[in-house]
Amino acid sequence: MLASTTMLFVELALIRWAGANVVHLSYFSNFILLGSFLGIGIGFLIPAARGQWLKRWTPIPLALLVILVRAYPVQVRQSSSEVIYFTAVKTTGLPQWVTLPAIFLLTAVIMAGIGKITADLFRQLPSLDAYRYDLLGSITGSVSFAVLAWLRAPSVVWGVLAAAALLILGGRRSTVLYGIPLAAMVAALLLETTTAGISWSPYYKIQLRPSPTATRTYYISANGVPHQSTAPLPVLMKENSPYRQTYEQTPRNPYRRVLVIGAGNGNDVAVALAHGARRVDAVEIDPRLQEIGAQLHPARPYDDPRVHVYINDGRAFLERTNAKYDLIVLALPDSLTLVSGASNLRLESYLFTRQAFDAARDHLTPNGAFAMYNYYRKSWLVDRFAGDLDDLYGHAPCMTTYKRNAAVLVAGMTPADQSCKQIWKPGGPVPAAATDDHPFPYLLHRNIPTLYLGALGAILLVTLVSVRLTGVRIRSTFRYTDMFLLGAAFMLLETKNVIGFALYFGTTWLVNALVFFGVLVCVLAAVEVRRRLRRVNQLVLQLLLFGSLAVAWLVPAQAVLSLPLAGRLAAAIALAFAPIFCANLIFSDRLALAPDPTSAFGANLLGALTGGALEYLALMTGYQALLLVVATLYLAACVAMRFAGHGPSGQATRMPDETVAGVP
């Protein structure tokens, strides 16, 4: 169980830490996930008598990765017209074509070593018992990392825990061989942790530094990118300030109640108070950013009794509150990071969909107004958002532009509720709105950018080459084609559920952690049920699986969102976990009857890697259509299962000169 705990803990730590130091990975975070699946899959596929060198040298690539990233941290420069990177700064570190492959390959080697340790232990137990301990370890690793996120523990704590676990797994004979590189890794993380101004939130590595000028007091960087700055109130209120535009363009608004989404360090809250707001609801997803504002903002806006702070996702807040506001401000929400290592959804994506703008409008008073501003980089992005506001409010919003493509959009409930110096006029064809099903506001067209296609193609090629170089016979894994397909389908299904819960309950780290915990518990429940059954009827399970997938596909997201919180939770759990439970009963039964369960599990992990790559199809199809892909993969797995000697009645065909492992 310790090996499985370490495996998941190191995977989560690498996703979080590498993404905080290499900004490429804030937008390609599933590269670490895919590298992990490749490495773990190889570790399980290598025969027991081979690959012992992987176990002996596991800490060395881990230390190399940490030292490499610490020596060459990277900030992203916009390199594609298809993907928008906000607040881009000069590139530091090694080029992207060097950094990403190096991190991917080192991650694969690290996880292959830990995977090999786990696989050798896996072989000592009946298959379902081994899988049970693997799941218990995964749950422990997931909960442990979630607790560290809640405590805002620095990276050196992650490193110390990982090093201690690896030293135990390595045994006494490997104390020196493991100890030296692990000590180097911990030392590098200690230097990072003790750097002045560094702290960690559940989402970011945050660096705070005083401003050398009088126009700002502090600069805040998140994951290595300049993100926010605190400023004195006179600076925020100066003529032509973007902060003033919302109020200058809504002169008749009484500002009795103001909602600020993306309150951050408090600049927008301070300006709302200066304009006489009687109550300000300040919503901020990151507790550390709000804490910095409460401690260091010169205007001390969070000390004002008129301010009520909500640490929550902005869209989730809109879906849960019944309050009406005279003014709603979408204040520069630009997360710089993805919801999880398994999806392309950013923390703020659901704030910029057509349904989100509609939800904001529903919370305005009859003479209220909605405002949003950001550095939009591309004129078509301003047109997309302004076009949404034009359709929803029935008239064009006010638009104020600044250098660096900054723009402020203000829409009153009626034309009389806004006073514009300039009305928005489209610069060309207005792009289609982002939606809750296709929440990619920064993607101009429904396509997979060539940047992603090239990277994914390279990953799949590296996977084939790596499997062959490690001595695994690809043909020998064909008998586990069904396990490969089950892995791909499950990975897509899990991603779809993460996205669904993010929409229903918010893109917070806690929601994300609870979903992964729920998935693991559901899988464990399926294993426990299978261990207590002498036989399962595969045909019945398959019918239940496809039935539950059909229900999940037919029920629209808006129907779930319209339910009260308790009903929404019950519906979301039923829609998400019913197919997961059925799918894992099928998987557990297949694993129990596999002649070589360790290789079968390895094939399943490589399938998960493929499923992670297929998730990019959502950029074209939207997320609901992924359920059709999931159903197709499960159907193909069921067909392949028949050719693997595992018929629909649950009977396994015993192969010559082999024993069936793990049958209860």
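Values computed for the structure shown
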{"item": "Test: residue in region 193-211 that is open to solvent by 20 Å² or more (accessible area, probe 1.4 Å), among the β-branched types (Val, Ile, Thr) and at pLDDT below 90", "result": "no"}
{"item": "Scope region 1-40; condition under 23 Å from ILE67 (Cβ atoms), assigned to a helix (DSSP H, G or I) and hydroxyl-bearing (Ser, Thr, Tyr); matching residues", "result": "THR6, SER26, SER36"}
{"item": "Which listed residue is surrounded by 16 or more Cβ atoms within 10 Å (Cβ to Cβ), under 22 Å from LEU347 (Cβ atoms) and at pLDDT 95 or above, from LEU409, LEU444, LEU381", "result": "LEU409"}
{"item": "Any chance ILE459 is open to solvent by 20 Å² or more (accessible area, probe 1.4 Å) and touching a helix residue (DSSP H, G or I) at 6+ places or on another chain (Cβ under 6 Å)", "result": "no"}
{"item": "Residue in region 624-632 that is at pLDDT below 90 and open to solvent by 20 Å² or more (accessible area, probe 1.4 Å) present", "result": "no"}
{"item": "Of residues in region 19-60 being open to solvent by less than 10 Å² (accessible area, probe 1.4 Å) and closer than 15 Å to ALA162 by Cα, the one modelled with the lowest pLDDT", "result": "THR58"}
{"item": "Helices (runs of 4 or more DSSP H) contained in region 293-400 and holding at least 3 residues in contact with a helix residue (DSSP H, G or I) (Cβ under 6 Å, 6 or more places away or on another chain)", "result": "314-320, 354-362"}
{"item": "Tally of residues being outside any helix (DSSP H, G or I), open to solvent by 30 Å² or more (accessible area, probe 1.4 Å) and either hydrophobic (A, V, I, L, M, F, W, C) or without any contact (Cβ under 8 Å) to a residue 40 or more places away in the chain (or both) across region 250-284", "result": "4"}
{"item": "Cross-chain or 6+ apart pairs with Cβ under 9 Å, region 591-617 first and among the acidic types (Asp, Glu) and open to solvent by less than 10 Å² (accessible area, probe 1.4 Å), then modelled with pLDDT of 90 or more and assigned to a helix (DSSP H, G or I)", "result": "GLU615/MET491; GLU615/LEU492; GLU615/THR495; GLU615/LYS496; GLU615/LEU626"}
{"item": "Counted residues, region 384-403 - those being surrounded by fewer than 19 Cβ atoms within 10 Å (Cβ to Cβ) and among the hydroxyl-bearing types (Ser, Thr, Tyr)", "result": "2"}
{"item": "Residue within region 596-613 that is at pLDDT below 90 and not in a helix (DSSP H, G or I) present", "result": "yes"}
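Residue-by-condition table, conditions (1) among the aliphatic types (A, V, I, L, M); (2) open to solvent by less than 10 Å² (accessible area, probe 1.4 Å); (3) over 27 Å from GLY224 (Cα atoms); (4) at pLDDT 95 or above:
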position: PRO126; (1), (2), (3), (4): no, no, yes, no
position: ILE139; (1), (2), (3), (4): yes, no, yes, yes
position: LEU166; (1), (2), (3), (4): yes, yes, yes, yes
position: LEU169; (1), (2), (3), (4): yes, no, yes, no
position: LEU177; (1), (2), (3), (4): yes, no, yes, no
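One line per residue, one yes/no per condition, for (1) touching a residue at least 40 places away in the same chain (Cβ under 8 Å); (2) open to solvent by less than 40 Å² (accessible area, probe 1.4 Å); (3) under 19 Å from LEU135 (Cβ atoms):
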{"residue": "ALA513", "(1), (2), (3)": "yes, yes, yes"}
{"residue": "ALA526", "(1), (2), (3)": "yes, yes, yes"}
{"residue": "ASN537", "(1), (2), (3)": "yes, no, no"}
{"residue": "GLN542", "(1), (2), (3)": "yes, yes, no"}
{"residue": "LEU549", "(1), (2), (3)": "yes, yes, no"}
{"residue": "ALA552", "(1), (2), (3)": "yes, yes, no"}
{"residue": "ALA566", "(1), (2), (3)": "no, no, no"}
{"residue": "ILE586", "(1), (2), (3)": "yes, yes, yes"}
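The values are calculated or read from the model by the stated rules, or taken from the named source; none is laboratory data. Since the model is a prediction, treat every value here as computed from it, not as a measurement. Neighbour counts are summed over all protein chains in view; Cβ atoms, including those assigned to glycine, are modelled from backbone coordinates with ideal geometry. All accessible areas refer to the heavy atoms of the entire protein, side chains included, with ligands and DNA or RNA removed. Shrake-Rupley method; radii C 1.70, N 1.55, O 1.52, S 1.80 Å.
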